[in-house]
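Step one of this worksheet: look at the structure below.
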2 protein chains.
Amino acid sequence: MKDFFQVMRYEQALAQLMDVRPPLGSQTISLIESVGRIIAEDIISEENLPAFNRSTVDGYAVRAEDIYGCSESSPGFLDCVGEIKMGQSTDIRLAKGQCCWIPTGGMLPCGADAAVMVEYTEKLDEKTVLTYRPAALFENVMQIGEDVSAGQIILEKGREIRPADVGLLASLGMKTLKVIEPYRIGIISTGDEVVPLEKKLAPGEIRDVNSYALYTAVYSCGAVPTVYPLVKDQFDALLEAVSAGLAENDILLLSGGSSVGTMDVTMEVLMSFPEAKMLFHGIAVKPGKPTLAVQIGGKLVIGLPGHPVSALTVFYFLAAPLLKPQNRWKGCEGYLSINVFSQAGRDDFIPAALEEQDGRKLIRPLLGKSGLMSILSQARGFIHIPYEKQGLKAGEKVEVIIY
Amino acid sequence: MKDFFQVMRYEQALAQLMDVRPPLGSQTISLIESVGRIIAEDIISEENLPAFNRSTVDGYAVRAEDIYGCSESSPGFLDCVGEIKMGQSTDIRLAKGQCCWIPTGGMLPCGADAAVMVEYTEKLDEKTVLTYRPAALFENVMQIGEDVSAGQIILEKGREIRPADVGLLASLGMKTLKVIEPYRIGIISTGDEVVPLEKKLAPGEIRDVNSYALYTAVYSCGAVPTVYPLVKDQFDALLEAVSAGLAENDILLLSGGSSVGTMDVTMEVLMSFPEAKMLFHGIAVKPGKPTLAVQIGGKLVIGLPGHPVSALTVFYFLAAPLLKPQNRWKGCEGYLSINVFSQAGRDDFIPAALEEQDGRKLIRPLLGKSGLMSILSQARGFIHIPYEKQGLKAGEKVEVIIY
């Protein structure tokens, strides 16, 4: 038997892929469709937010010094000289001893430097307002530029946009923004035994699971998946499919060829491209040992195992970090429910469920025969047992990598 | 001043909304677009998975009893009677002392009940195979129905679909499935001072942040948002907008009217519908005190505060749970970095950042003046201080509700 597996360590394989992943351009999109996208360059505010001193309460705009020291027993007396209207500027200028009505969100008039809540005031007559509490300078006022000042970096390059960021950008009037283009990912399932979902299975055949599972997994990472038709394990057919897939995508995910003979064909096809450079062929990981990666021109081909459970698992620990590096270890901590054994000299990724027991987060490894799709579906993520460990102990605090 | 706030407790307000939230129908969609959707009825498998006994290794299909007790020093001798081809059934029937070549994923022939990895065998000649290890019954074999058996519930009603579930459904040939329809959410911003993003701001005006922030927040919850044009705080205009919004949606989010006068208009408009039923008007929560909810026919109107930070915060703790109940407390645990004070008799939701310090997850409340959009954008979620507490202590283990 050919010595197939000069296997590479997981961290090294991932680092190699991260190093050579194709660069991405940027594009300008509308703010309203930007959630989940990655900011392409630092966003700098051109304005102050708020653009004027705003009251944060319903009440009276005042000069703080005029009501210094007032109280329930010795209220301040102010002349009410008018009313601020929402959304409008005003000619009112407060002179010493004057105040005016202001609604929440209203613009402070010239001369005012604080607002008093209506609850702490009393209107004596049309012209006179009593205040029962003093106001600190700028109390109940959001000052010009207090939220954001002009020239400030408000969102940094590389950040994933969330609704609160959209709110911040809208506050500053930015209707469009520059984001990183998503990766285009081609998906090609191969295998003589694999048939489309619509076909009735003959004995020995299995359905094309990988096209579906990988499509949705890629989509969930914010990349743009394209599924190509199923290919048999033959040189010419595979070469044609890979050529088409490379032309139209940044990264190509092949799945199939988990047995020795078919993997030969895949390798032959990939290495037949003149610019092909093998990155690795075999990794010291369970599952996923036969995984391979080849750089072709500026693009990347990752050969996943054919078995759907292995293919999806490897996708999560090796391909997903390329598509969404900021999410890499989005984990959830908890305590291991049982001992888990491993083998030093390889990384293990074990599906696990998250449970709650007496207010404690329990992480329950889903062991049993590997390769069951139902197990992967029941799991909430993976436990990662690193290369140098021989297992993890029950009760140990571990992290589940959520998928 | 009118006694406006007969406020309701948070848990009660949320429970009321959950009780009366409009029922949702179901729809059939294609498997490939199902990620993130909610399953409408238990999904039962009509088939066994795998549909045949499959080898999980490259090697030889055997009768386990034939190689019982064999070893390196005393190998088993088997007659090789043929080869299984991927994806094909076979006429081969193993008799006593016979074996045949089988690839990973190949279908076990009649009579075989285990597989031996090629690494533990040696081909002596065309006809004879030596085995150096015994095989347990069904070793290296995935049996019929071992992953899923026919008649089994594979995914339960109410579950949110993830890529591994898509893989499971594809394995069983299900190209479509029934999911819950998404909520249609109408969004109406009101306020005399609020202007569209494209308009140059006059003094005292602010931009329409809520339409953008709420649109993206609703979208992130998997619901279908529709933004209506801005409305001034006038009875007729608001009545028209609310009527249109109710006709086309399940739930209507109004935002605006945070000052006393404008809130009156909103309440008048909503209560002018003959079937209107007030659920609450004012909640004992900071921020969000002026929040209101009215049931109109089978539909729901939630009146959010006008201030964008409050509006988005209230959306997350009061509206998002309706749209995505399974996500309600998707939290992340950590240790509080500083003391946080609150007031017993109200619930507080305080924006917080997540940090890592010496391998410990630190939760840093973002205090300072409330109502800054830049703070909400920096935060990763909220800390919830419940009604009966007066604060949380530094070092205490708390949960951040991620948004």
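The values are calculated or read from the model by the stated rules, or taken from the named source; none is laboratory data. Computed from a prediction, not measured in an experiment: that's the story for all the values here. With ideal geometry, Cβ positions are generated from the backbone for all residues, glycine too; neighbour counts draw on all protein chains shown.
Observations on the structure shown:
- Among the residues making up the stretch A:239-268, those that are assigned to a helix (DSSP H, G or I) and at pLDDT below 95 are A:V260, A:G261, A:T262, A:M263, A:D264, A:V265, A:T266, A:M267, A:E268.
- Single residue of the stretch A:359-384 satisfying the filter (under 26 Å from B:K397 (Cβ atoms) and touching an Asp or Glu at 6+ places or on another chain (Cβ under 6 Å)) that is farthest from the other protein chains (Cβ to nearest Cβ): A:R364
- As for the stretch B:366-387, it holds at least one residue that is hydroxyl-bearing (S, T, Y), under 30 Å from B:M267 (Cα atoms) and surrounded by fewer than 22 Cβ atoms within 10 Å (Cβ to Cβ).
- Unmet requirement for A:K178, which otherwise passes all of (1) among the basic types (K, R); (2) surrounded by 22 or more Cβ atoms within 10 Å (Cβ to Cβ); (3) more than 10 Å from every other protein chain (Cβ to nearest Cβ): (2)
- Where B:S220 falls short, out of the listed (1) in contact with a Leu (Cβ under 9 Å, 6 or more places away or on another chain); (2) polar (S, T, N, Q); (3) at the interface with chain A (Cβ under 10 Å from one of its Cβ atoms): (1)
- Residue check for A:L392: crowded, with 18+ Cβ neighbours inside 10 Å, more than 10 Å from every other protein chain (Cβ to nearest Cβ) and free of Cβ contacts under 8 Å to residues at least 60 places away in the same chain: yes
- Selection status of B:V218, in the same structural domain as B:L322 (by TED's automatic domain parsing), under 26 Å from B:L323 (Cα atoms) and in contact with a Lys or Arg (Cβ under 6 Å, 6 or more places away or on another chain): no
- Residue within the stretch A:26-37 that is exposed (fewer than 14 other Cβ atoms within 10 Å of the Cβ), in contact (Cβ under 8 Å) with a residue 40 or more places away in the chain, away from every other protein chain (no Cβ under 14 Å) and out of contact with any Phe, Trp or Tyr (no Cβ under 6 Å at 6 or more places or on another chain) present: yes
- When residues of the stretch A:237-284 are limited to those that are acidic (D, E) and more than 24 Å from B:D58 (Cβ to Cβ), the one surrounded by the fewest Cβ atoms within 10 Å (Cβ to Cβ): A:E275
- Residue within the stretch B:59-67 that is within 29 Å of A:V209 (Cα to Cα), under 38 Å from the mean Cα position of the chain (by Cα), touching a residue at least 12 places away in the same chain (Cβ under 8 Å) and surrounded by 15 or more Cβ atoms within 10 Å (Cβ to Cβ) present: no
- Boolean, B:K277 is in contact with a strand residue (DSSP E or B) (Cβ under 6 Å, 6 or more places away or on another chain), closer than 26 Å to B:M373 by Cα and of a type in the set (D, E, K, R): no
- Residue selected from the stretch B:181-196 under the condition in a loop (DSSP other than H, G, I, E, B) and out of contact with any helix residue (DSSP H, G or I) (no Cβ under 6 Å at 6 or more places or on another chain), by the criterion nearest to the other protein chains (Cβ to nearest Cβ): B:E193
- Residue check for A:G345: part of a loop (DSSP other than H, G, I, E, B) and at pLDDT 90 or above: yes
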